[in-house]
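Peer 1: Take a look at this one; I'll ask things after.
The values are calculated or read from the model by the stated rules, or taken from the named source; none is laboratory data. Quick caveat, the model's predicted, so the values are computed rather than measured. Virtual Cβ from ideal backbone geometry, glycine too; neighbours counted across all protein chains shown. The area values use the complete protein model at the heavy-atom level, side chains included, leaving out ligands, DNA and RNA. Shrake-Rupley method; radii C 1.70, N 1.55, O 1.52, S 1.80 Å.
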There are 2 protein chains.
Amino acid sequence: MIVKSQIKLIRSLHQKKYRNENGLFFVEGLKAVQELLDSRFEVVKVYATEDGGLSASAGEVELISEAELKKISALRTPNKVLGLFKIPKVEKIDFDDWVVTVDDVRDPGNLGTIIRLCDWFGIRHLVCSGQTVDCYNPKTLQATMGSIARVNVGYTDLALFLQKADRPIYGAFMDGVPVYGEKLAEPGILVMGNEANGISSPIEHLVTHKISIPQFGEPTAESLNVATATAILLSEIRRG
Amino acid sequence: MIVKSQIKLIRSLHQKKYRNENGLFFVEGLKAVQELLDSRFEVVKVYATEDGGLSASAGEVELISEAELKKISALRTPNKVLGLFKIPKVEKIDFDDWVVTVDDVRDPGNLGTIIRLCDWFGIRHLVCSGQTVDCYNPKTLQATMGSIARVNVGYTDLALFLQKADRPIYGAFMDGVPVYGEKLAEPGILVMGNEANGISSPIEHLVTHKISIPQFGEPTAESLNVATATAILLSEIRRG
């Protein structure tokens with residue numbers, strides 16, 4: 001059973017404003033919920049339609065009906081488990097390794113994919129400009145596939161952050177130097193831009209190394225999507 | 001003005017069955033429609049809410065109202081132009097360069113992104129297993145961003161196709177050898193697998209080189225999405 005006030009609260013968390021006001025967010029699906037339970041994230045409650053092998057404390061799990069889950073879920077086809085968690089404090093950034101930053105990425109699927117890529121490539125810190133889509137947006141979380149548990153995502157004034165950072169700053173531009181010839185051995189900061197407009201001009205001025213992914217097809221080809229470009233650049237950073 | 005029978009026809013083309021029966025598909029948005037007009041694709045009719053700079057023959061373009069466009073569009077927010085085209089014949093495959101194949105990719109966004117990646121990296125031929133999502137699905141086309149104009153996409157019995165191909169066959173597996181150490185100079189065939197299950201076992205038997213993208217994060221990280229993995233492998237193939 002889930003009480004009405006709780007249904008109202010969780011439904012409000014579909015919106016960023018109420019996530020921030022309450023300091024809470026939710027994630028759906030057994031795998032993602034379990035990964036957050038096993039992480040630094042603090043659980044408030046797990047709602048499940050069946051006791052399907054979650055390893056959580058007894059008091060944390062509440063069995064609910066499918067109809068109840070449907071009321072609180074953000075999915076068309078709710079996925080058995082919904083976990084309610086506290087939004088964690090952003091950890092201090094450690095510049096010993098590469099840091100990824102995004103300048104106004106607006107599509108939740110793209111941001112989620114970038115978080116999942118950071119996880120795969122062992123990037124601990126992702127810094128987002130204030131206009132970037134919320135990482136606790138249900139669609140973003142769906143695309144992270146649980147990777148939010150292992151990537152420290154923060155929002156800040158990106159220009160200020162980059163000004164203070166005493167590191168080489170690499171930005172992806174159509175007219176940058178081909179990344180394949182770049183030495184990426186020293187930890188730096190990678191900046192990825194907005195889907196439609198790329199990196200904004202205040203941020204462009206702070207970039208110390210403009211790089212690009214060479215194109216091999218006809219010059220009419222649409223530029224790469226920000227998530228696939230991030231995949232290639234993180235692979236370049238790690239391949240050595 | 002658009003007549004009722006035409007509205008009915010275009011609406012039916014939202015479904016694969018009717019696309020195949022009629023040999024027709026539609027694409028939306030000025031850029032994508034223009035790219036198909038400039039390609040080997042044969043146009044039937046372009047419906048536009050305004051004469052917004054399309055370069056097409058006068059007889060090809062029909063001005064319609066926004067309400068009419070809404071009736072035929074697959075988008076929540078229709079995008080001014082919808083072009084009706086004939087499904088082209090699949091071109092004969094030229095093995096002088098790399099060929100990409102997909103084994104049951106089901107998500108239209110993923111297939112569209114893979115087509116866009118082939119375009120960027122100059123891969124001319126994409127061969128799909130019979131169970132792969134249709135490349136003329138409106139959602140797939142939306143994700144290709146017009147790249148369908150330059151990539152030859154065909155559907156076939158993938159096992160049979162690979163059996164006949166006298167080329168090295170590279171497949172992406174979690175336990176393959178790290179791709180960063182592979183020499184990919186000779187044109188081969190790249191196989192990418194299904195989102196949930198990877199490459200199916202009949203296809204796995206035909207793969208001559210199992211490769212993988214090394215993981216650098218914690219071993220719990222979710223495997224890479226098929227589109228981002230394709231991005232990295234095509235970049236590896238082209239970077240030399």
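Peer 1: Of the conditions (1) in contact (Cβ under 8 Å) with a residue 40 or more places away in the chain; (2) crowded, with 20+ Cβ neighbours inside 10 Å, B:Leu206 satisfies every one except a single condition; which number is it?
Peer 2: Every listed condition holds for B:Leu206 apart from (2).
Peer 1: Across segment A:170-187, what is the total count of residues that are surrounded by fewer than 19 Cβ atoms within 10 Å (Cβ to Cβ) and under 21 Å from the mean Cα position of the chain (by Cα)? First the steps, then the outcome.
Peer 2: Restricting attention to segment A:170-187, the residues satisfying the condition of being surrounded by fewer than 19 Cβ atoms within 10 Å (Cβ to Cβ) are A:173-178, A:180-183, A:185-187.
From the residues that got through so far, the ones that are under 21 Å from the mean Cα position of the chain (by Cα) too are A:187.
Total satisfying the criteria: 1.
Peer 1: In segment A:45-83, what residues are in contact (Cβ under 8 Å) with a residue 60 or more places away in the chain and farther than 17 Å from A:Leu141 by Cβ? Spell out how you get there, then give the answer.
Peer 2: Within segment A:45-83, the subset in contact (Cβ under 8 Å) with a residue 60 or more places away in the chain is A:62, A:64, A:68, A:71-72, A:74-75, A:82.
A:Glu62, A:Ile64, A:Glu68, A:Lys71 - these are the residues of segment A:45-83 that are in contact (Cβ under 8 Å) with a residue 60 or more places away in the chain and farther than 17 Å from A:Leu141 by Cβ.
Peer 1: What helices (runs of 4 or more DSSP H) completely inside segment B:41-158 contain at least 2 residues that are farther than 30 Å from A:Ile232 by Cα? Can you show your working first?
Peer 2: Numbers: elements: B:66-72, B:108-120, B:138-144.
By residue number, B:66-72.
Peer 1: Hey, can you tell me all the residues within segment A:199-240 that are within 13 Å of chain B (Cβ to nearest Cβ), farther than 14 Å from B:Ala227 by Cβ, part of a helix (DSSP H, G or I) and not basic (Lys, Arg)?
Peer 2: A:Leu233, A:Leu234, A:Glu236, A:Ile237
Peer 1: To continue, here is another question. What residue, among those in segment B:111-148 that are surrounded by fewer than 23 Cβ atoms within 10 Å (Cβ to Cβ) and within 11 Å of chain A (Cβ to nearest Cβ), is farthest from the chain's Cα centre (by Cα)?
Peer 2: B:Gly122
Peer 1: Would you check which residues across segment A:36-59 are at pLDDT 90 or above and either in the same structural domain as A:Asp119 (by TED's automatic domain parsing) or open to solvent by 70 Å² or more (accessible area, probe 1.4 Å) (or both) and list them?
Peer 2: Taking segment A:36-59 as the starting set, the residues that turn out to be at pLDDT 90 or above are A:36-49.
Matches in segment A:36-59: A:Asp38, A:Arg40, A:Glu42.
Peer 1: Only one of (1) under 25 Å from B:Ser200 (Cα atoms); (2) assigned by TED's automatic domain parsing to the domain that holds B:Val207; (3) not charged (D, E, K, R) fails for B:Ile93. Which number is that?
Peer 2: Condition (2) is where B:Ile93 drops out.
Peer 1: I'd like to verify a number: residues in segment B:60-104 that are among the charged types (D, E, K, R), open to solvent by less than 70 Å² (accessible area, probe 1.4 Å) and farther than 20 Å from B:Ser5 by Cα, how many? Full working, then the answer.
Peer 2: Just the residues of segment B:60-104 that are among the charged types (D, E, K, R), to begin with: B:60, B:62, B:66, B:68, B:70-71, B:76, B:80, B:86, B:89, B:91-92, B:94, B:96-97, B:103-104.
Filter once more, keeping what is open to solvent by less than 70 Å² (accessible area, probe 1.4 Å): B:60, B:62, B:68, B:91, B:97, B:103-104.
So of that shortlist, the ones also farther than 20 Å from B:Ser5 by Cα come out as B:91, B:97, B:103-104.
Residues that pass the stated criteria total 4.
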